[in-house]
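Reading through the C-alpha cells given below for one structure.
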Amino acid sequence: MNIPEILCEKVLAALEALEVTLPDPSRIQVTKAADLRFGDFQSNVAMMLAKPAGKNPRDFAMELMEKISADDLCEISIAGPGFLNFTLKPETWAALARSQWSAEDLAVSQVEKIETIVVDFSAPNVAKPMHIGHIRSTIIGECLARVATKVGHKVIKDNHIGDWGTQFGMVTWAWKKGVDGKQLEEEPLQELLRLYRMASDAAKEDEAIKEECRAELVKLQKGDLENIEIWTRCVDLSRKGLENIYERLDVRFDHWLGESDYNEDLAPLVKKLTGDGHARESDGAMCIFSSETVKAKNDPFKVNRDGEWQDFPMMVRKKDGAFNYATTDIATVEFRVNEWQADQAWYVVDVRQSGHFSQLIEVSSRLGYDGIKLVHVAFGTILGKDGSPLKTRAGDLPQLEDVLNDAVKAAQIIVDEKSHLDTVEEKEALAELIGVSSIKFTELSHHRMSDYVFDLEKMVALEGDTAPYLLYSYVRSRSIFRKLDGEVDLNAKNLVLTEKAEIHLVRMLTRYSGQIHQVLEDYRPNLLATYLLELARAFHSFFEACPVLKSEGQIRESRLILCDLTSRVLKDGLGLLAIPVPERM
Ligand code: ARG
C-alpha cells in the first residue's frame, strides 16, 4: 500500500469510530497536496461529509483529526474551510526511500489484473520511406508498450504495416515502366520512393493512368504471379530499410503482421458480413451503415455536409472488388481476439483517422467482439516554425532518417563544444545518443494531442526541458561514485534526512510508481517525461544544498543512497521512454 492509501484507511477507521455513515467509501480520498506549503497530502473528506451530518466543516475536521491515529507517520493540520493536511515526518520519508532503494523494481506496483494488450504502432506504408509523421506513432507506441510491460501486463507489439494498399498499384505500375536495377541495389528505399512519386504524379495528371494503377493492385490482390514477385521484392527491401531505422531508435516488434497477412480472410469476412446483414450493397460497393440508434452527431456513420446529416458508411469492398483498409482492420480484430485472446488493442495512429477507428470500434461490437477494449490513441501534427505542418524545402514530408541525421548533427556541435570525453569515437557515439534521444524526448514530453513546433536547436540544448538535461542529470548523479572509485558499500538500515532539499528529493522519488500508472490512465507518456524533469530539478537542488562526500557518518551514507536511488529512477524512467543513458558526457 502506498502512503495515500494508508492514510485513507486511517481516515476510514476514524470515521467509523465517530459512527459517521459513509456514502460510497471509494469517495473518501487522500491525494497529493495541491500546495506543498500546507503538507504532503490532503483530503476534503470533512467538507464532503459535514453537511449531511449537520455539522460545521471545520469543527468536523477537528473532531476527525483527533480520531485519526497516524502520529507515527505524520502531523495533521486543518486549512481553509476544512481541508485535512498531512505532513509526513522525516523518518517516514526516510523509511520510504530506504525501502524503495532496496527494492529491485524500485517499488513500482504491479497491476492486479494482468491483461493481454496489443500495441498497434508505427505501421508505415511500405514502399515509401518512413516520414516525420511516423515518428509520433513509433515513439509513443514503444513507450506505452514499455510502460504497460513494466506494470505487469502481457504486451504484444505488432507492426501492422501497410503492405497491400493503393501505393502498391502505383509502385508496380512504375516498376513495369522502368525500374532502375542499379539504384534498387544501392538505395532501395530511394528507388522505391522515386517509382511511387513517378506513378503518383502521372496519376494526378491522367485519369487513365490512375485506372491502370488500380488495375495493378487488383491483379496483385487476385494473385497475379508477376505482380506478386514485384511486390515481394518491394516488401523485402522496404523492410530492411525500416529495420535499420528501428534499430537506431531501439524499437522492436514481436510481430510484423501487415495488411497482406489478412488477405485470405477478407473475402470470407465480407461474405459473412453480408450474410449476417451487417453490410449491404451500395452503388456496387459493399458497405456497413449506421444502426440509426444514436443521435447523428454521435454517430460515426453520419457526416454533416452543408448543414445536413448524410450517411457515411464504412466500405468493406470496392466496386472493382478490391478490399479496403477497413476490411483488413476488422479481420485484424478477429485475429487478435481469436489467436491472441487479446483483452485490449491500442491503435497509436494520427488523429485524422479517428473517424475510421470510431467506426471500427462500433463494428467490432456489432460483431460481438465486446470482450476486447479497442482504443484509438490519437496524436496531433508536428509543425514547422511557420506553424503549418512540417515540410522540406521541396514541399515534401521530411524523411525520418534525414530528421535523425539532422538531430545528430546538431547534437555533435554541442558535444564538441562541451563534452569531457576523450576520443572522437566516443564523442560521435554520444552525439548519436543525444540526437536520437532528443527527438524522442521532445515527442514524449508534449501532450500527444497537441501540435508542436519542431525546433532542433531547442531539443538538443543542455538547458531547458530537454533530453540532454536529463542525461546530464543522470551522469551527475553517478559522478560521485566515480570519485569514490567503486569503494562504496552502502548498507544503512535507516536513512537520516535533515534538509528540506533531501525531503523534497525523496518526495519526488517515491512518486515514481504512481506516475507510471498514471501514464496508462489516458495513454500519456508526457506525464512521465515531465515527472523526470521535476525529479532532475529536485536532485540538482539537493546536490547543491547538501554536501555528500564532505559530510559524515549516517548523513553521508544517506546522501549517497539518495544519489544512487536518483540515478536508478532516472535510468529506469528514461528506459521507459526508450532513452538509454551514457555513463559519461
Ligand atoms: N498504415 C497506416 C498509415 O500509415 C496506419 C495503420 C495503423 N494501424 C491500423 N491497424 N489501422 O496511415
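Can you confirm whether residue 506 is in a helix (DSSP H, G or I), buried (at least 18 other Cβ atoms within 10 Å of the Cβ) and touching a Pro at 6+ places or on another chain (Cβ under 8 Å)?
Answer is no for this residue.
Return the only residue of 249, 242, 257 being closer than 30 Å to residue 578 by Cα and in contact with a Pro (Cβ under 9 Å, 6 or more places away or on another chain).
Matching residue, one of 249, 242, 257: 242.
Could you please find all residues in the stretch 121-148 being within 12 Å of residue 162 (Cα to Cα) and within 10 Å of the ligand (Cβ to nearest atom)?
Answer for the stretch 121-148, where residues must be within 12 Å of residue 162 (Cα to Cα) and within 10 Å of the ligand (Cβ to nearest atom): 121, 122, 123, 124, 125, 126, 128, 130.
Residue pairs, Cβ under 9 Å, 6 or more apart or interchain, first in the stretch 343-369 and touching a residue at least 12 places away in the same chain (Cβ under 8 Å) and charged (D, E, K, R), second assigned to a helix (DSSP H, G or I) and within 12 Å of the ligand (Cβ to nearest atom). List them.
Pairs found: 350/133; 350/136; 350/137.
Which one of these is more than 24 Å from the chain's Cα centre (by Cα) and either within 16 Å of the ligand (Cβ to nearest atom) or surrounded by 20 or more Cβ atoms within 10 Å (Cβ to Cβ) (or both): 298, 338, 324, 304?
Result of the check over 298, 338, 324, 304: 324.
Identify all residues within the stretch 100-120 that are away from the ligand (no atom under 12 Å from the Cβ), outside any loop (DSSP other than H, G, I, E, B) and touching a residue at least 60 places away in the same chain (Cβ under 8 Å); write none if there are none.
100, 101, 116, 117
Filtering the stretch 360-380 down to residues that are of a type outside the set (A, V, I, L, M) and under 23 Å from the mean Cα position of the chain (by Cα), which residue is nearest to the ligand (Cβ to nearest atom)?
376
Out of the residues in the stretch 263-281 meeting the condition of being over 18 Å from residue 325 (Cα atoms) and of a type outside the set (Asp, Glu), tell me which one is farthest from the chain's Cα centre (by Cα).
275
Within the group 531, 523, which residue is part of a helix (DSSP H, G or I) and under 28 Å from residue 247 (Cα atoms)?
531
Among the residues of the stretch 287-312, write down those that are closer than 11 Å to residue 359 by Cβ and part of a loop (DSSP other than H, G, I, E, B).
289, 290, 299, 300, 301, 312
List the pairs whose first member sits in the stretch 536-559 and is at pLDDT below 95, whose second member is small (Gly, Ala, Ser), and whose Cβ atoms are under 7 Å apart, counting only residues at least 6 apart or on separate chains?
From the stretch 536-559, the pairs are 554/492; 557/492.
Using the structure shown, decide if residue 61 is over 33 Å from the mean Cα position of the chain (by Cα), buried (at least 21 other Cβ atoms within 10 Å of the Cβ) and over 26 Å from residue 500 (Cβ atoms).
Here the answer is yes, as residue 61 does meet what is asked.
Quick check on the stretch 168-188. Is at least one of its residues surrounded by 18 or more Cβ atoms within 10 Å (Cβ to Cβ), among the small types (Gly, Ala, Ser), more than 26 Å from residue 408 (Cβ to Cβ) and within 16 Å of the ligand (Cβ to nearest atom)?
yes
The values are calculated or read from the model by the stated rules, or taken from the named source; none is laboratory data. Keep in mind that this is a model prediction, so the values were computed, not measured. Don't worry about glycine lacking a Cβ; one is built from the backbone with ideal geometry, like all the others, and counts go over all protein chains shown.
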